[in-house]
1. Output the qualifying pairs, or none if there are none: Cβ atoms under 7 angstrom, residues six or more apart or on different chains, first residue in region 140-163 and closer than 25 Å to Phe204 by Cα and free of Cβ contacts under 8 Å to residues at least 24 places away in the same chain, second residue open to solvent by less than 10 Å² (accessible area, probe 1.4 Å) and small (Gly, Ala, Ser).
2. Cβ-Cβ under 7 Å, sequence separation 6+ or interchain: first residue in region 289-300 and over 8 Å from Leu49 (Cβ atoms), partner part of a helix (DSSP H, G or I) and among the β-branched types (Val, Ile, Thr). Which pairs?
3. Please pick out the residue among Ala107, Ala73 that is part of a helix (DSSP H, G or I), within 24 Å of Asp285 (Cα to Cα) and small (Gly, Ala, Ser).
4. Could you list all residues from region 148-174 that are assigned to a loop (DSSP other than H, G, I, E, B) and of a type in the set (A, V, I, L, M, F, W, C)?
5. Go through Leu294, Leu227 for me and flag whichever is within 22 Å of Phe101 (Cβ to Cβ), open to solvent by less than 50 Å² (accessible area, probe 1.4 Å) and at pLDDT 95 or above.
6. For residues that are buried (at least 23 other Cβ atoms within 10 Å of the Cβ) and hydrophobic (A, V, I, L, M, F, W, C), tally how many sit in region 134-148.
7. Starting from region 175-193, keep only residues that are assigned to a helix (DSSP H, G or I), then list their pairs with residues that are open to solvent by 60 Å² or more (accessible area, probe 1.4 Å) whose Cβ atoms are within a distance under 7 Å, requiring at least 6 positions of separation or different chains.
8. Among the residues of region 110-133, write down those that are surrounded by fewer than 22 Cβ atoms within 10 Å (Cβ to Cβ), aliphatic (A, V, I, L, M) and in a loop (DSSP other than H, G, I, E, B).
Amino acid sequence: MSLQATQFTEAAGVDAAAPAEGFLKTAEPRPHAIRRRAILAAHPQVKTLIGHDPLTFFITLGVVGMQIAIAAALGALGLGYWWAALLVAFCVGAFANHAMFVVIHDACHNAIFAKPMWNKWVGILADLPNAVPTAMGFRYYHIKHHSHLGDYDFDADLPSHWEAKIFGRTALGKAVWMFFFAPFQLARLGRLRGTVPMWGRWTFINAACVIAFDLAVLLLLGPNALLYLFASFWFSIGGLHPLGARWIQEHFTSDPSQETFDYYGPLNKVALNIGYHNEHHDFPDVPWRRLPELKRMAPEFYDGLKFHRSWTGLLLKFVFDPSYTLYTRVDRSAANRPSSPPAAARAGR
């Protein structure tokens, strides 16, 4: 492991012996801003990767069109072929909708077009096959995830305590949690503090567009078509689909010294490089297509970090390995409290 990688994988302030009733506590600052500054100092050419990628818009048009075509074909079969809708959604539609979530993700970072409004419209376009409005809500709380990573009161990516206590320890409970991941994620928003404008004008525009699209699909293509789109949405983020393991890969940690993990497997080809998660958190203003190039430009900062090779293997490990619970996450809420000095300051006393 290189010196630079060692610096950013050894977080001295993380309590590896955290109690089973809570998250892994740390008072250390977020590592990604620190690593970003170090990478820019060592490799100034990384700045050339920052910007926008309009090609993402054309990919979105193609995938949304493909989903409509598949939905139309399944709708023509009739609701008696509901099983076909579910099967095709699991094998094909989940990957398509998951890719659209990555587009929504890049749109919320304004990494597609220069103007934020254009990015919002691309996000809404990518949201149409989901059958459930998610783009603008995600845009609002995801920015907090970056600015308050691991802070229980602001980061909706951390499971709520009630989730961890009820579902977090047994294989059955974790399997149920993974299957119903979407509603669990939605339920967390009510606990967040601070000003997160979830119900702004764009939230209603997003909802109106998706609902109108759903009605058009139902009336013109039939109920089996809408079932296919909804199932594609469900499997793309949960439903015990291997793609759902992405939520485990990103910040669940079996090693408290490393908080964020990458996935460097073949599914990145259809998942629009979302597996490059350390790279993304370090440089959220780099579009998804350039994240592998970021890793190549600064190998000494990334090659020494632990990563996952298989989402399927990780899903099985998460469900059946008792060492994984919903509390195997780093919580740095204490880092934002003035009364709790950083670990380094305490050590120097």
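The values are calculated or read from the model by the stated rules, or taken from the named source; none is laboratory data. Bear in mind that the values here come from a model prediction, so they are computed numbers and not experimental data. When we count neighbours, we look across all protein chains shown, and the Cβ atoms used for this are built from the backbone with ideal geometry, even at glycine. Side chains included, ligands, DNA and RNA excluded: accessible areas come from the protein's heavy atoms. Shrake-Rupley method; radii C 1.70, N 1.55, O 1.52, S 1.80 Å.
1. From residues that are closer than 25 Å to Phe204 by Cα and free of Cβ contacts under 8 Å to residues at least 24 places away in the same chain, the pairs are His145/Ala156.
2. Qualifying pairs under 7 Å: Ala298/Ile39; Ala298/Val46.
3. Values: Ala73 fails: within 24 Å of Asp285 (Cα to Cα).
The match here is Ala107.
4. Just the residues of region 148-174 that are assigned to a loop (DSSP other than H, G, I, E, B), to begin with: 148-160, 168-170.
Selection gives Leu149, Phe154, Ala156, Leu158.
5. Values: Leu227 fails: open to solvent by less than 50 Å² (accessible area, probe 1.4 Å).
From the options Leu294, Leu227, the qualifying one is Leu294.
6. Selection size over region 134-148: 2.
7. Ala175/Leu240; Met178/Leu240; Phe179/Leu240
8. Answer for region 110-133, where residues must be surrounded by fewer than 22 Cβ atoms within 10 Å (Cβ to Cβ), aliphatic (A, V, I, L, M) and in a loop (DSSP other than H, G, I, E, B): Ala114, Val132.
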